[in-house]
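Undergrad: Mind having a look at this structure? Questions to follow.
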Amino acid sequence: MNARDELTAAERDSARSRPQLMTGNHAVAWAAKLARPKVVPVYPITPQTPVLEKITEFAAAGEFDAEIITPESEHSVMAACIPASLAGVRVFTATASQGLLLMHELLHYAAGARAPIVMANINRTVASPWAFWPDQTDSLSQRDTGWIQFYSESAQESLDTTIQSFRIAESVLMPAMVSHDAFYVSHALEPVQVPAQELVDAFLPPYAPPHRLDTEKVESWGNVVTQDMFYRHRQEMEAAMARVPALAEEADRDWARATGRSWGGALESYRCDGARTVIVTMGSMCGTVREAVDAMREAGDAVGLLKVRLFRPLPVAALRARLAGVPEVIVLDRNHSPGAGGVLHRELLGALYGLVDAPRVHGYLAGVGGVNVPPDRISGFVQQARAAEPQPESVWVR
């Protein structure tokens, strides 16, 4: 029996399918279709709009069996998502930038209500001034709302991660956000492998929550509680989040078995073996860093990439394990927290605090507002970091 005969039926279906040329936003819409949500409230906003347009195309063709709702604002979108999820159905939505900020109040409510909504966010600059370029400040500014946060590098990763996020979110009853960069991923065309519906159905069972709004079994959400009850509720949310890194690893392993594609779970290492310097970043910039790493390795310089896919909950144990003993770490942030600098830089410093044999950590604000950071500039950052002492604050670089 050869290796081909040993494939499962789902794997054979996947192997027979052909890649399709599509944008990152259309890949997300395909993922939503394959996940079979029953309610999809969405409000259009640049550069998210093609997600909604593609979903409505599926619905018009009779290929998408869900209630699509287009309320008057993103605040109302999330206000529709929460009760639908609490009624016991799978829910999907998508937004970007100012739309995500308008949802802020209800993002807290969704997490506290333990509603496992999955939302695609297209990372875009936040106003003011007004701009439309890739920048992760919109989603990173929501890091304390209680949402699981994934960041993807490519259209294929966005499709796969969206499907995986439904499984993870529904396992811990916490909402999940999958973000990819505006235009670099959202509107760029790439070959994308679309899995068979039967494969996704086997990977993602129907949503059947233990508690839901049901007139036959009366329960309620959002009541006024005592201090102690609120305290215990937050503890339970933290315990749920603590399970996410392991579930992300498990989902990735199962997905790899079914499709042949693995994204590493919470973190992905690229050419990190024996690396003298490791570059840590998120999103589409990882693709550029790969090019820079390949060039530096070709020149005999031991440099690697550590891609952070799961930002919330931050996989602290995994970060400490991957970076222990590495002499130099460079964090590239496509975001800016005024008064604090790069968000990932700050988070990584906290994660590595007290680590024996910890690396020197340099934080660079690179790509803020969508500024292009080509591979040769990244190679320059490596040399710049090696020649300087790490600074406690993030450094602006161009």
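Here, each number is a calculation from the coordinates, and none is a lab measurement. Just so we're clear, the structure is a prediction, and the values are computed from it rather than from any experiment. We place every Cβ from the backbone using ideal geometry, glycine too, and count neighbours over all the protein chains shown.
Undergrad: Does at least one position in the range 242-261 carry a residue that is assigned to a helix (DSSP H, G or I), touching a helix residue (DSSP H, G or I) at 6+ places or on another chain (Cβ under 6 Å), in contact (Cβ under 8 Å) with a residue 24 or more places away in the chain and not hydrophobic (A, V, I, L, M, F, W, C)?
TA: yes
Undergrad: Within the range 330-376, can you find the residues that are surrounded by 17 or more Cβ atoms within 10 Å (Cβ to Cβ) and charged (D, E, K, R)?
TA: Passing the criteria: ASP333, ARG334, ARG346, GLU347.
Undergrad: Six or more apart or on different chains, Cβ atoms under 7 Å: show the pairs whose first residue is in the range 51-67 and closer than 18 Å to THR162 by Cβ and whose second is part of a loop (DSSP other than H, G, I, E, B) and among the charged types (D, E, K, R).
TA: Listed pairs, sorted by first residue: ALA66/LYS38.
Undergrad: Still on this structure, I have one more. Can you work out which of the residues in the range 110-122 that are in contact with a helix residue (DSSP H, G or I) (Cβ under 6 Å, 6 or more places away or on another chain) and over 12 Å from ARG212 (Cβ atoms) is surrounded by the most Cβ atoms within 10 Å (Cβ to Cβ)?
TA: Checked the range 110-122; the qualifying residue surrounded by the most Cβ atoms within 10 Å (Cβ to Cβ) is VAL118.
Undergrad: Name the residue that is surrounded by the most Cβ atoms within 10 Å (Cβ to Cβ), counting only residues in the range 86-96 that are in contact (Cβ under 8 Å) with a residue 60 or more places away in the chain and of a type outside the set (A, V, I, L, M). Walk me through it before giving the result.
TA: Applying the first criterion (in contact (Cβ under 8 Å) with a residue 60 or more places away in the chain) to the range 86-96 yields 86-90, 92, 94, 96.
Narrowing the set further to residues that are of a type outside the set (A, V, I, L, M) leaves 88, 90, 92.
Working: GLY88: 15, ARG90: 24, PHE92: 29.
Among residues in the range 86-96 that are in contact (Cβ under 8 Å) with a residue 60 or more places away in the chain and of a type outside the set (A, V, I, L, M), the one surrounded by the most Cβ atoms within 10 Å (Cβ to Cβ) is PHE92.
Undergrad: Can you find a residue in the range 213-228 that is in a helix (DSSP H, G or I) and farther than 23 Å from VAL361 by Cα? Lay out the reasoning, then the answer.
TA: Step one: list which residues in the range 213-228 are in a helix (DSSP H, G or I), which gives 227-228.
So of that shortlist, the ones also farther than 23 Å from VAL361 by Cα come out as 227-228.
Yes: the range 213-228 contains one or more residues that are in a helix (DSSP H, G or I) and farther than 23 Å from VAL361 by Cα.
Undergrad: What number of residues within the range 246-274 are over 28 Å from THR23 (Cα atoms) and touching a Leu at 6+ places or on another chain (Cβ under 9 Å)? It would help to see each step written out before you state the result.
TA: At the first step, the residues of the range 246-274 found to be over 28 Å from THR23 (Cα atoms) are 246, 272-274.
So of that shortlist, the ones also touching a Leu at 6+ places or on another chain (Cβ under 9 Å) come out as 272.
Number of matching residues: 1.
Undergrad: Could I ask something else about it? Scan the range 271-297 for residues that are closer than 25 Å to ALA388 by Cβ and of a type in the set (Asp, Glu) and jot them down.
TA: Filtering the range 271-297 down to residues closer than 25 Å to ALA388 by Cβ leaves 271-272, 274-282, 285-286, 288-297.
GLU291, ASP294, listed by residue number.
Undergrad: In the range 103-123, is there at least one residue being among the charged types (D, E, K, R) and closer than 14 Å to VAL368 by Cβ? Spell out how you get there, then give the answer.
TA: Taking the range 103-123 first, the residues among the charged types (D, E, K, R) are 105, 114.
Filter once more, keeping what is closer than 14 Å to VAL368 by Cβ: none.
Among the residues of the range 103-123, not one is among the charged types (D, E, K, R) and closer than 14 Å to VAL368 by Cβ, which makes the answer no.
Undergrad: Please work out which residue is farthest from the chain's Cα centre (by Cα), limiting yourself to the range 297-325 and to residues that are in a helix (DSSP H, G or I) and in contact (Cβ under 8 Å) with a residue 24 or more places away in the chain. Quick ask: steps written out before the conclusion?
TA: So in the range 297-325, the residues in a helix (DSSP H, G or I) come out as 297-298, 316-323.
Narrowing the set further to residues that are in contact (Cβ under 8 Å) with a residue 24 or more places away in the chain leaves 297, 316-320, 322-323.
Numbers: ARG297: 28, VAL316: 16, ALA317: 19, ALA318: 17, LEU319: 17, ARG320: 20, ARG322: 20, LEU323: 21 Å.
Going through the qualifying residues, I end up with ARG297.
Undergrad: Within the range 44-81, how many residues are of a type in the set (S, T, N, Q), part of a loop (DSSP other than H, G, I, E, B) and surrounded by 15 or more Cβ atoms within 10 Å (Cβ to Cβ)? So that I can check it myself, show each step before the final result.
TA: Taking the range 44-81 as the starting set, the residues that turn out to be of a type in the set (S, T, N, Q) are 46, 48-49, 56, 70, 73, 76.
So of that shortlist, the ones also part of a loop (DSSP other than H, G, I, E, B) come out as 46, 48, 70, 73.
Those left that are additionally surrounded by 15 or more Cβ atoms within 10 Å (Cβ to Cβ): 46, 48.
Adding up the residues that qualify gives 2.
Residues checked against (1) hydroxyl-bearing (Ser, Thr, Tyr); (2) in contact with a helix residue (DSSP H, G or I) (Cβ under 9 Å, 6 or more places away or on another chain); (3) surrounded by fewer than 18 Cβ atoms within 10 Å (Cβ to Cβ):
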site: THR162; (1), (2), (3): yes, yes, no
site: MET177; (1), (2), (3): no, yes, no
site: ALA182; (1), (2), (3): no, yes, no
site: PRO191; (1), (2), (3): no, yes, yes
site: ALA196; (1), (2), (3): no, yes, no
site: PHE203; (1), (2), (3): no, yes, no
site: TYR207; (1), (2), (3): yes, yes, no
site: PRO210; (1), (2), (3): no, no, yes
site: LYS217; (1), (2), (3): no, no, yes
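Undergrad: Mind checking which residues of the range 310-321 are closer than 24 Å to VAL395 by Cβ and surrounded by 18 or more Cβ atoms within 10 Å (Cβ to Cβ)?
TA: Within the range 310-321, PHE311, LEU314, LEU319 qualify.
Undergrad: Within the range 25-43, how many residues turn out to be farther than 22 Å from ASP201 by Cα and either assigned to a helix (DSSP H, G or I) or among the aliphatic types (A, V, I, L, M) (or both)?
TA: Kept after step one, since they are farther than 22 Å from ASP201 by Cα, are these residues of the range 25-43: 41-43.
Next, from what is left, pick out any that are either assigned to a helix (DSSP H, G or I) or among the aliphatic types (A, V, I, L, M) (or both): 42.
The number of residues fulfilling the criteria is 1.
Undergrad: Also, quick follow-up: Can you tell me how many residues in the range 279-296 are surrounded by fewer than 22 Cβ atoms within 10 Å (Cβ to Cβ) and assigned to a loop (DSSP other than H, G, I, E, B)?
TA: Result for the range 279-296: 0.
Undergrad: So how many residues does the range 131-141 have that are within 19 Å of ALA266 (Cα to Cα) and surrounded by fewer than 23 Cβ atoms within 10 Å (Cβ to Cβ)? It would help to see each step written out before you state the result.
TA: From the range 131-141, those within 19 Å of ALA266 (Cα to Cα) are 136, 139-140; that's our starting set.
Keeping just the survivors that are surrounded by fewer than 23 Cβ atoms within 10 Å (Cβ to Cβ) gives none.
The number of residues fulfilling the criteria is 0.
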